[in-house]
Every structure is written in C-alpha cells, then in structure tokens.
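J.: One structure coming up, written as structure tokens, with questions to follow.
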Amino acid sequence: MYHSQNSSTVYTVTRLNKEIRQILERNFASITINGEISNFVSPSSGHWYFTVKDDLAQIRAAMWRGNNQKMQFKPKNGDQVHMRARISLYEPRGDYQLIVEHMEPAGEGQLKQQFEALKMQLAAEGLFSSALKKPLPSTINKVGIITSATGAAIKDILTVLHRRAPQLEVVIYPAQVQGANAHQQLIEQLALANARNEVDVLILGRGGGSLEDLWCFNHELLARAIYASQLPVVSAVGHEIDTTISDFVADIRAATPSAAAELVSPDQQQLFAFIEQQKQRLHHAFKHAYARLNQQALELHHRLSLCHPQNQLQQKAQKLDELQLALQQAMAQRINTARTQHSQIENRLMLRSPQTHIQNAQHRLQQLENRLNQVMTQTLKDGHNQLALYAAQLEAVSPLAVLSRGYSITKDDKGHVIKSAEALHVGTTVTTKLANGMFESTVLSVSPK
C-alpha cells in the first residue's frame, strides 16, 4: 500500500521514477491481460519490444530473451495474444510498461497458428504436390457428395447439378461438418465411398462459417484420408475467401459448393453445342473424304495415260539422248583429266631433275662454307680473348710481378729459397733475384728477430 510522503519532501526525477517503479512492481507483481500486438520489434539482443492495444488504449511491453526463447511461436503485428505479465516502469523515459513472462495466441489466433503448423508439416511431406493430384475423369456419370444432408451446401450442389446435367446420378454420403467428431464422420464416409467405388468423383464440403466452424476440415487425419483416396476429390469448403487444409490436399479446390457442382457437371447447352459441333465436323470430314477420293481417281487416270506405249518410247528415246550426252561429257572429262595428270607428272619430273638437286646442293654447300668461316673466325676471336684473360690472371699471381714492385727472392747455394734468418750462417753465399737481374752476396752476420 502506498503511503504519502511529507509535502516538504523534494524529489529528483530519478528518485521519483524509482519509487514509482517499486510501487508498480509491488502492487502489480502478476497480472493476466489480453490484447493485440503492434509495433513489434526483435533486435539482435534477442529481446522483444512491442505495444499491446485494444480499441481504446495501448501500453508498451517487453519480453526478455530468457522468456521468449521458451515460446512455441513468434508473434507478429495484428496477433491477438493472452499474456501473463508484471507492471514496471522504464526509469530513463518515465514510461510504465508490461514485462511479459508468458504469451500464447488467443482464440482464433491460436487456431491460425495450428493451421499454419499443420500446413507446413503436410507440405513438407509432399501431400500438396500437384504432380500427385488426380484429374477429373473425362466422362462423369455419377457424382458422390460428402456433406451434411440438411445443410445449405447440399441444396446448392443439387440445384446446380439439376440445372446443368439432370442426367447425372448423385450419391449422398451424409456426415457432420461441424463439431468435435465431425472429422471422424467425414473420414468414414470417404472410406465408404472408396470401398463401394460406385461414383466417378467425390465432392467434399460444406457452407461458409467461422474458422472454428470449418475446423474439422483442418484435421490431419482427414487430410491424410483425402490424400489416400483412390477417387478424385473436389474440396468445396465455405466461401471463396475460406481456405482449409482439405483444399490443399484435395485433387481440385472449388471456391464454393456451387462451383464444385459446376466443375463436375457438363452444361446441357454446352452438350448440345458439342453435339452440333461434332455433326459439323462429320459433315466436313465426309466432304474432305469425297474430294480426296476424287483426286485419287484423277491421279490414277493420269498414271494410266503415262503407261501408253508411245509415251514409253518417247521416254526411252529421251533417255538414250541423255546417255549419249553423258558419254560425251564423260569422254571429254576423261581427256581433260589425263592431260592434267600428264602435266602434273611432267612438273614432278622436272622437280626431280639431277641438275636441280646439284644446284640445291651447291647452294647448301656455299651456305655451310660461309657458316664454317663465321664459326672459325668467332672461335679464334673468343680464343684470343680467353688467352688474354688467362695471361692477365697469370700475370697477377706471377712472382716476377711481385719482384717488379721492389721485392726480391734470396736462395742459398743449393737453390733453396731462404724463408727464415735461422737458415743462414756467417760466410754462406746467397743469390738474390731482382726484377731486372740478380747478384751474389756473402753473409757477414745473422741477427735473429
């Protein structure tokens, strides 16, 4: 219970919003509310934010990710929902809001959810595949109707059939089309019609109504029974805007029961027009056959004229002339061919003449001689260059080159190069080689390092 504060108390906005939030959460800890969803958003955080409204008012609401992950459906704008929530206040804006803890579709919204779920399931199983749907028979003599024997649908169907095709036989398989057990009766009558196999096509339907009224036509067992039917099934449930699972699984969907009756019944006027059309086609076919036979007679007469002996002699004479001309052309062609072959042989003989081969060989020899001279000249030039390179490299490492820079080589009387003062003795005669000559000397003293 809220207690008023002293009038002298001064609030900040933050403090005021905080205390109001505490009051709301304490006094409205859990409520149940119905309303319509609008302004629904679901950001990347996973939380849901939306507005709950009725005809006269609205309130902001939020449902945290931890709660909405448990939901069997995701709401959208326009859905009627039943919620359990608590009331709180969003302090930064000062807006009070619902914190929703549980949500489920309300009334027809829940039925629509069930409808969509079953529709997706059966579609995934292939029950709606157009490739498996049976076409209407080309000739229909007997129609079966599964519906209420006292409803408006049966009256509409019989009225249309009587007007369009009174010769059609009709078998009624009565069943409830509304209520908890209606789907079971529809399944039983569908099985009975297939077992008897006495009709060419079945109409399954009823008149219009609310989603709850038509709900038996959304039952999974009925859908599977329609799918398994050996007889073609025309679904005619409700008005044109009504759609049921039976419509999707049936072989043909009619917008209304009256439309279904038109689909399975040929119109009498159309039948008379068809007969007249066939009559005209037969007349034209007779005329065409007569003209064709007359043309054949004329062709046979012409062929008989062509078989006269005089005609044959003329044809043989013409054939003889053609053969003579062909012989002359063949002889001329043969002569021309022989002349051409003679000319070709003569040309080939000239090409094989020894003089031609000798000239070609001489030309080839001259080319090879020129190439040999070029190669020898280039080889000598490369050898000279290589020799110069080697001479330069040898000169670089030659002892004489070292001597030319002021160095000398000293040998003892046996010709050994003196490399250390320890190899010398007083009185030893040594020979010293310079870059431009040599001289002999006698060691007067030896000084160790």
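The values are calculated or read from the model by the stated rules, or taken from the named source; none is laboratory data. This one's a predicted model, so the numbers in the text were calculated from it and none came from an experiment. So basically every Cβ, Gly included, is an ideal-geometry build from the backbone, and we count neighbours across all protein chains shown. These area figures cover heavy atoms from the full protein model, side chains too; ligands, DNA and RNA do not enter into them. Shrake-Rupley method; radii C 1.70, N 1.55, O 1.52, S 1.80 Å.
J.: Could you list, in sequence order, the residues of region 25-38 that are under 13 Å from L98 (Cβ atoms) and not acidic (D, E)? I'd like the intermediate steps shown before the answer.
T.: Applying the first criterion (under 13 Å from L98 (Cβ atoms)) to region 25-38 yields 25, 28-35, 37.
Passing the criteria: F28, A29, S30, I31, T32, I33, N34, G35, I37.
J.: Residues that are modelled with pLDDT of 90 or more, under 26 Å from A131 (Cα atoms) and surrounded by fewer than 22 Cβ atoms within 10 Å (Cβ to Cβ): does region 264-282 have at least one? Working first, answer last.
T.: Going residue by residue through region 264-282, those that are modelled with pLDDT of 90 or more are 264.
Imposing the further condition that a residue be under 26 Å from A131 (Cα atoms) reduces the set to 264.
Narrowing further to those that are surrounded by fewer than 22 Cβ atoms within 10 Å (Cβ to Cβ): none.
No, every residue in region 264-282 fails to be modelled with pLDDT of 90 or more, under 26 Å from A131 (Cα atoms) and surrounded by fewer than 22 Cβ atoms within 10 Å (Cβ to Cβ).
J.: Restricted to region 123-158, and to residues that are in contact (Cβ under 8 Å) with a residue 24 or more places away in the chain and either of a type in the set (S, T, Y) or touching a Cys at 6+ places or on another chain (Cβ under 6 Å) (or both), which residue is farthest from A255 (Cα to Cα)?
T.: My answer is T139.
J.: Moving on to the next point. Considering only strands (runs of 3 or more DSSP E) fully contained in region 36-119, which possess at least 3 residues that are loosely packed, with under 14 Cβ neighbours inside 10 Å and not aromatic (F, W, Y)? Explain how you work it out, then say what you get.
T.: Numbers: elements: 48-53, 58-63, 80-90, 95-105.
Output list is empty.
J.: Residues of region 36-57 being without any contact (Cβ under 8 Å) to a residue 24 or more places away in the chain and among the hydroxyl-bearing types (S, T, Y), which ones?
T.: Listed by number, the residues that qualify are S44, S45, Y49, T51.
J.: Right, something else. If I335 satisfies every condition in (1) at pLDDT 90 or above; (2) open to solvent by less than 100 Å² (accessible area, probe 1.4 Å); (3) in contact with a helix residue (DSSP H, G or I) (Cβ under 8 Å, 6 or more places away or on another chain) but one, which is the exception?
T.: Every listed condition holds for I335 apart from (3).
J.: Checking the conditions here, which among Q355, Q344, Q374, Q378 is more than 30 Å from M438 (Cβ to Cβ), open to solvent by 100 Å² or more (accessible area, probe 1.4 Å), at pLDDT 90 or above and out of contact with any strand residue (DSSP E or B) (no Cβ under 8 Å at 6 or more places or on another chain)? Even if it seems obvious, please write down each step before you answer.
T.: Values: Q355 fails: at pLDDT 90 or above; Q344 fails: at pLDDT 90 or above; Q378 fails: open to solvent by 100 Å² or more (accessible area, probe 1.4 Å).
None of the others qualify; the one that does is Q374.
J.: For region 247-262, name all the residues that are part of a loop (DSSP other than H, G, I, E, B) and buried (at least 20 other Cβ atoms within 10 Å of the Cβ). Step through it out loud before you land on a result.
T.: From region 247-262, those part of a loop (DSSP other than H, G, I, E, B) are 250-251, 254-256; that's our starting set.
Residues satisfying the conditions are A250, D251, A254, T256.
J.: Between a first residue in region 18-35 that is hydroxyl-bearing (S, T, Y) and a second residue that is open to solvent by 80 Å² or more (accessible area, probe 1.4 Å), which pairs have beta carbons less than 9 Å apart while being 6 or more apart in sequence or on different chains?
T.: Partner pairs satisfying both residue conditions: S30/R84; T32/R84.
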